[in-house]
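Undergrad: Pasting a structure here, questions to come.
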Amino acid sequence: MTSRASDLVHNQGLQFFGSVNASISHELKNIFAIISETAGFLNDLTQLSKQGQTFDLSLLENCSNSIAEEIERGFDTIRQMNQFAHSVDDPVKETRIHDTLALAVKLTGFLSFARKTRLDPSGNGITVVTSPFLLQALIYRTLSAIYQSLDIGDELTLTLQEFDPSSVTLVFSHDRPVDPSHFSDLRVAELADVLKAVFTKTDTGLTLTLPRENIDLKDLGSVG
Amino acid sequence: MKILLVDDETKFINMLARRLSLRGLDADVAYSGDQALEKAVRTPYDIAVLDMKMPGMSGFTLKKKLLDQLPDIKFIFVTGHGTIDQNGIPDQFDDIFLAKPLNIDTLIETIRKRLNPDL
């Protein structure tokens, strides 16, 4: 890994890893809290039944459905955690950018200030050769900054576009330009610099252009 | 005793309200800070149990706004944050935190102590 990229992984990476894992654990605690309360309610109903009181049996069905739903939500969260954990496996890799975006949307969805986000399915097969972990960090921090500049009911759309053969452009669009005050985080600029990513403010949001292959990162290690 | 439960996790808060009701406690639910403020206009709640992290308005911001409407209301914060679990002991701002998942008996005991500190 180039020393600058390597430094970035060490300096920012651990902090990023920690903050994402904190939000995942928060989500899991919410899931466990629902399962715990539902199990407690089932116990309450059992005690009432033992005392000879009757209750609507549909309550039991609702409880079991709720527990099943929360377990599925938990599995989905753990799948995302696992996918995120594996983003550090290869220092540099041919990466399906759509997958990185989809994971970033899910992971940022755990933040209390997240906004409704739609990922356009087009461009699903587009790849870039880059550091998957640093790219994940850049997109996560970009989404976080955009969410903070949006109102609670606003929606964000993410689209992948190929304007020329050497680069890929991610379009973050909503109904107005982003507020630059939410992009004062130097970590974003540092990540963008190492990944050779260029931000452009537009009338309806923001674009992020990435090289198809980041030559500076090529000697980092495996390119799978 | 009128209790207001506020959390954007709707299933969690509905189930909690139901369990409190089975124990003879009168609990209303709100799924956001704004909804809680609307309900507080109509009902003089004695205590609010607030999730700390909610979309739109944090539990701390909601506390300040509720105090403007109901100066005598008491608070308990509920959190999924890993490092905050004081088992109901007030911090330096006299706030009480309980960690998720909750124990219903601990919650009820904390509510009673919060409303009657001499107990």
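The values are calculated or read from the model by the stated rules, or taken from the named source; none is laboratory data. Not measured: the values here are computed from a predicted model. Glycine also receives a Cβ, built like all others from the backbone with ideal geometry; neighbour counts cover every protein chain displayed. Keep in mind that these areas ignore ligands, DNA and RNA; they rest on the heavy atoms of the full protein, side chains included. Shrake-Rupley method; radii C 1.70, N 1.55, O 1.52, S 1.80 Å.
Undergrad: Quick one: which residue in A:Glu27, A:Glu72 is in contact with a helix residue (DSSP H, G or I) (Cβ under 9 Å, 6 or more places away or on another chain), within 14 Å of another protein chain (Cβ to nearest Cβ) and either closer than 30 Å to A:Leu138 by Cβ or at pLDDT 95 or above (or both)? Spell out how you get there, then give the answer.
TA: Details: A:Glu72 fails: in contact with a helix residue (DSSP H, G or I) (Cβ under 9 Å, 6 or more places away or on another chain).
Residue meeting the stated conditions: A:Glu27.
Undergrad: Is it the case that A:Tyr140 is among the aromatic types (Phe, Trp, Tyr) and farther than 28 Å from A:Arg4 by Cβ?
TA: Values: among the aromatic types (Phe, Trp, Tyr): yes; farther than 28 Å from A:Arg4 by Cβ: no.
Spelling it out, it is not the case that A:Tyr140 is among the aromatic types (Phe, Trp, Tyr) and farther than 28 Å from A:Arg4 by Cβ.
Undergrad: May I pose another question? Can you name every residue in segment B:22-38 that is open to solvent by 30 Å² or more (accessible area, probe 1.4 Å) and either part of a loop (DSSP other than H, G, I, E, B) or of a type in the set (D, E, K, R) (or both)?
TA: B:Arg23, B:Gly24, B:Asp26, B:Asp28, B:Tyr31, B:Ser32, B:Asp34, B:Glu38
Undergrad: Now for a different question. Can you tell me which residue in segment A:168-192 is nearest to A:Ile126 (Cα to Cα), limited to those that are open to solvent by 70 Å² or more (accessible area, probe 1.4 Å) and touching a residue at least 40 places away in the same chain (Cβ under 8 Å)?
TA: A:Glu190
Undergrad: Of the conditions (1) open to solvent by 80 Å² or more (accessible area, probe 1.4 Å); (2) within 15 Å of the chain's Cα centre (by Cα); (3) within 13 Å of chain B (Cβ to nearest Cβ), A:Asn21 clears all except one; give me its number.
TA: (1)
Undergrad: Answer yes if at least one residue in segment B:51-68 is outside any helix (DSSP H, G or I), of a type in the set (Gly, Ala, Ser) and modelled with pLDDT under 95, and no otherwise.
TA: Yes, segment B:51-68 has at least one match.
Undergrad: For segment A:43-64, give me each residue that is surrounded by 15 or more Cβ atoms within 10 Å (Cβ to Cβ) and within 22 Å of B:Ile108 (Cα to Cα).
TA: A:Asp44, A:Leu45, listed by residue number.
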